[in-house]
Amino acid sequence: MAGVAPPTKPPRSVKQPKESSGLLMSVIRTLSASESNEQRDREKAKLEKEYKRSDQRLDELISLHHNDLTQVMQVFAKLSATVTASREKILAVKENLQACKMLLHCRRDELKKLWLEGVEHKHVLQLLEEIEQLREVPSQLAIHLAKKQYLQATKLLVSALSLGDGSLEKVEALRDLRNELQAKKQQLHVKLLEELSHHLYVESTQDVLALRRQGSGRDMNACASPFQRASELRASARGKARRNLLDVTAFPGTPSNRPGLSPKGSAVDAFDLSEDIDFTTTHVNPEHYVAIIIECLAVLGKIPEAVESLRVQMQSELLGVVSRTTRALLDGVVLQAPITGQAGLAGPSLWPVPSVVSIPNGPGTPSQVPNGDGRHKAGHGSGSGNTQPNHPLPELLYTLLDQFRHIAEGHRFVLKRMGQTCEKYNLKNIRLYEISDLWSMVQAVMQLVLTDYLDIQNTAADAQQATSSFSEQSSDISSYFSRRKIQRPKKTPLFKFEHSLNALNTSIAEEQSGLKVHADGRPQRDKLLICSSDPHNITLIFIPITKFIEEIEMATNCKVGVPCTLNAFLSDYIKEVFLGRYQSKMSSTIEMVTKSPEAWRGIITPEQMRELRRTRPLLLSTVAVDGCVKGLHQLIMALPVYTEHFLGIVSNLLCSYRETCQAAYRGKVQPESEDKRIFSAAFLKDEDISRFIKSLPNWANLQAQKAIHLQRQKRRALHREETTDEESPEDIRQRNEKEAEILASALGEGGVNHHEIISDVKHLRSLALLQESMEWFAGCLYNFASELPRQSPTQPVVRVMSEASPVVQNATVDGLQQLAKEFEDLADTCLLVLHLEVRVQCFHYLLPKVKDYGRLADCGMDSQEPDPKVLELTRALTGCDEALTSILQPLKCKYVFEGLGHFMSKILMSVAQYIDRIDEGGIQKMCRNIFTLQQSLTNITMTREVALDHARHYYELFYLTPEEILSGVVEKGPQFSELEYMNAFQLVHRSQPDQDVTALNAHLTRLSDILGEVGVTV
């Protein structure tokens, strides 16, 4: 029976189908419709068979459920007996109660008196217990506060105060205790506000400071530091806290009789702020801790005061964050200063964990640590190349911005919790501050910080000016006799209270808040600076501060075209202060280096040449101007938003410097009046002539050699092999002869006076210096313009404030390239002047005059000595070579002196038409002159000048008779041009004692016939 399941009652809704009635009706219809007995018998047999089957099924069911039926009957019997017994007992109880009622009715007054006394004694006992609880509240409150269990302490204090103001209100003996509890409530309120502020402004920023001390929080290798591991643990705990804060319910035991503190039924009731008994640290779950503080303030009814306190203390707390961060980084700088010399060996140094050191700071004197060891990460800016290495200001800024972000996140959470708490306790008339209020205070504090570090008041210049004015004695004697203001004696106080208790407490509070007070009571902020105040500090912090401004504008939902206050402050400072100061400084610098007496003579030192990778010197003034341009390029990289402004400054300064350089060039080539100008410079003044000279082969060869030289430098930088094609000697001879012939014909019109040449070698050296400097400076400007990102004509410009490389308008870049082209043109002009000046001096010294080359026969001259003019020319060429070789590059020196032999040869051969007579002594004299010139040119070019041999061979023709000359032309071919042969025949004819014009004409006709047959080959 134990294994048999108890019987189950079928459900009432289930009804068995009534099949018997349907079967009976079918049988009746069958019997009534049957026509024979056989059919009825068959139906009868069928019915009997079904009855037997039903009986058999019934027997089986009875045998199967017999035990269940028996069990049901037994249970029913037991229940029936139990019900009967219960009825009898209830009847007996009713009879007993009726008897008790009769007995109690007889002694009603006595029982009522006893009941009243029991109620009274119970109330007295309850009051005594409550009094005992109130007496223990201060000690329990102290225990909870020591463990930072503020929620339990608050609930205990509020329940005690509600008890004292309720049933125990009229107990006079508890007056002192109630006053003490009221004081405890005020102290708890102040403590909660301090804890909330401490957690918002100190605890939330400790991780940032710890990581900054250990090493930059942006370092990839700092993830293994214990601070970061602790931060990760705290972050995971905060994540759990955020999930737990979604399931918070109302406090159990919150007094409901206090007005405004009864939680209403809403979704906020789902919060459950439970405080762990052993909860003694705030780092495990900071969000939960802040939520508990806000809940405590709500229970105390101090939410409006807390909101106002947070709003009022924002600026002072943020200034305190700035002061603490500066002190922490200063301690790190001071501790790390002895090992800064090893930074280059061990890589970027880390901020050590500073010890707790107080840095004294006198009134009005900022604490400064110049050349501090700081860091700047390139990942925070775009343009990181502009930031000085090991500068502490970017580190301070990054740390402050990270802390402000943490503080803003904390305020967002506080506002969210306060809103939920106000909804929970139905506090409708409380106006919370907004997150935009915090960002406004952050902007105000950042403006103060920028004012300190950017020297907006120009205190450095004022101090320098004051120092210089103090050191200089006044030259105005009337200042000693001017009326002065009478100085009143300064009143000194009779008593000093700086060591009193009140003064000490005030100084401690001022030190903690970072504020001082003037003598008149106005607040004065203690300027604790991590580096000296300098306007150029903006280049270190502009990109990160602009990114932070974008975050602020996004957080405060600033409209397009309406910047935030910090953005407007920074923009106004850069446009109105920084750009103006920098432009004036640049102008004064350029003016100083260009207006000094050594502006166009002073050259850079060998150390500077190595730094610039130069083999030839440059003008100091040009290098100084290039330094200004590079400084502006660094400013463009540091302040990309103001690229157009800086490029405008560059263009103005370069235009001024271009005019100065052109004036310096004119001062060298045109030192006096217009009628005494230099011939070579005046010759190049015509643009057509300048273009013509640049089209000559030697100039094209110079440009090709420059391009090859640049390619070689690039290949050397890329460690590639040099493969260049050298020019053949025949090609060199042909282009030199072509240029010599063209220049000789162009310059040979008229003579050249002495005042039309540059006889002072110093002027030639100055021109060479100017050429090298202008060419180098033009290349620097081309590189500067090519590095600027130009605006694409197809894509629109989208300007982002913190964009590291904004596009520049094409007109601006084209203007810079045009300025570079003008400097390059000036350099080319200087080189062409030097090239022509050497040839003009050859004309001046070699082109004959009547008294010089009129007679080279029977004049008693020494044929072994060269002509004085030739000696002067050799001295002039040697001086030019000495002056230019040390200044110009070898390619340019080669351009200046190459082909000079062909040019001299042309001049010397053209001299024959100006000689009246010549004999063997005169021929030897001319050959001696040619040899002297050839020797001098060989010393300059370090190659034998074969072209002068051609001139010597020409003068050796005068040893021959006209018939011998014609025979040589027929046998060897013409070696000279027809004009040169004609001049030779005419000079030979003039040198003969009996001059036969008919013979001369015959010789010239024969020459023309011979040259017409064989052709002229020169």
#### Entry: Answer from Glu882, Glu872 - the residue that is among the charged types (D, E, K, R) and under 30 Å from Trp776 (Cα atoms)
Glu882
### Query
Residues of the range 132-175 being modelled with pLDDT of 75 or more and either assigned by the TED database to the domain that holds His189 or touching a Pro at 6+ places or on another chain (Cβ under 7 Å) (or both), which ones?
Val158, Ser159
### Message
For the range 571-615: of the residues being touching a helix residue (DSSP H, G or I) at 6+ places or on another chain (Cβ under 7 Å), open to solvent by less than 50 Å² (accessible area, probe 1.4 Å) and farther than 20 Å from Gly631 by Cα, which is modelled with the lowest pLDDT?
### Response
Ala599
### Message
Which numbered condition in (1) open to solvent by 10 Å² or more (accessible area, probe 1.4 Å); (2) more than 26 Å from His835 (Cα to Cα); (3) assigned to a helix (DSSP H, G or I) is the only one that Asp994 fails?
### Response
(3)
## Note on the structure
Per the filter on the range 944-960, residues of a type in the set (D, E, K, R) and within 22 Å of Ser991 (Cβ to Cβ) are Arg952, Glu956
### Summary
Flagged in the range 750-766 as in contact with an Asp or Glu (Cβ under 8 Å, 6 or more places away or on another chain) and open to solvent by less than 30 Å² (accessible area, probe 1.4 Å), in numbering order, are Ile757, Ile758, Leu764
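Results for (1) at pLDDT 90 or above; (2) out of contact with any helix residue (DSSP H, G or I) (no Cβ under 6 Å at 6 or more places or on another chain); (3) within 19 Å of Tyr453 (Cβ to Cβ), shown as yes or no for each residue.
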site	(1), (2), (3)
Asn285	no, no, no
Tyr289	no, yes, no
Ile294	yes, no, no
Val299	no, no, no
Glu317	yes, no, no
Val321	yes, no, yes
Arg324	yes, yes, yes
Ala328	no, no, yes
#### Entry: Unmet requirement for Thr594, which otherwise passes all of (1) over 30 Å from Ile758 (Cβ atoms); (2) touching a Phe, Trp or Tyr at 6+ places or on another chain (Cβ under 8 Å)
(1)
### Query
What is the one condition in (1) open to solvent by 30 Å² or more (accessible area, probe 1.4 Å); (2) modelled with pLDDT under 50; (3) acidic (Asp, Glu) that Glu423 does not satisfy?
(2)
### Message
Against the condition at pLDDT below 85 and at positive phi, how does Gly1015 come out, does it pass?
### Response
yes
### Pairs, first assigned to a loop (DSSP other than H, G, I, E, B) in the range 934-956, second not β-branched (Val, Ile, Thr), C-beta under 7 Å, six or more apart
Glu945/Gly901; Glu945/Gln934; Glu945/Leu937
### Within the range 654-668, tally of residues that are in contact (Cβ under 8 Å) with a residue 40 or more places away in the chain and open to solvent by 20 Å² or more (accessible area, probe 1.4 Å)
7
### Query
Does the range 862-899 hold any residues that are closer than 26 Å to Met982 by Cβ and in a helix (DSSP H, G or I), and which are they?
Lys869, Val870
### Query
Hey, Tyr959 hits all of (1) open to solvent by 60 Å² or more (accessible area, probe 1.4 Å); (2) at pLDDT 85 or above; (3) touching a Gly at 6+ places or on another chain (Cβ under 8 Å) but one; which does it fall short on?
(3)
### Message
Within the range 763-805, take every residue that is within 27 Å of the chain's Cα centre (by Cα), among the hydroxyl-bearing types (Ser, Thr, Tyr) and part of a helix (DSSP H, G or I) and give me the one that is modelled with the highest pLDDT.
### Response
Tyr782
### Task
State which residue is surrounded by the fewest Cβ atoms within 10 Å (Cβ to Cβ) when the search covers only the range 362-417 and only residues that are modelled with pLDDT of 50 or more, over 30 Å from Glu434 (Cβ atoms) and out of contact with any Cys (no Cβ under 8 Å at 6 or more places or on another chain).
Pro389
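The values are calculated or read from the model by the stated rules, or taken from the named source; none is laboratory data. What you see is a predicted model; the values in this text were computed from it and never measured. When we count neighbours, we look across all protein chains shown, and the Cβ atoms used for this are built from the backbone with ideal geometry, even at glycine. Each accessible area value is taken on the protein alone, full model and side chains, heavy atoms only, with ligands, DNA and RNA left out. Shrake-Rupley method; radii C 1.70, N 1.55, O 1.52, S 1.80 Å.
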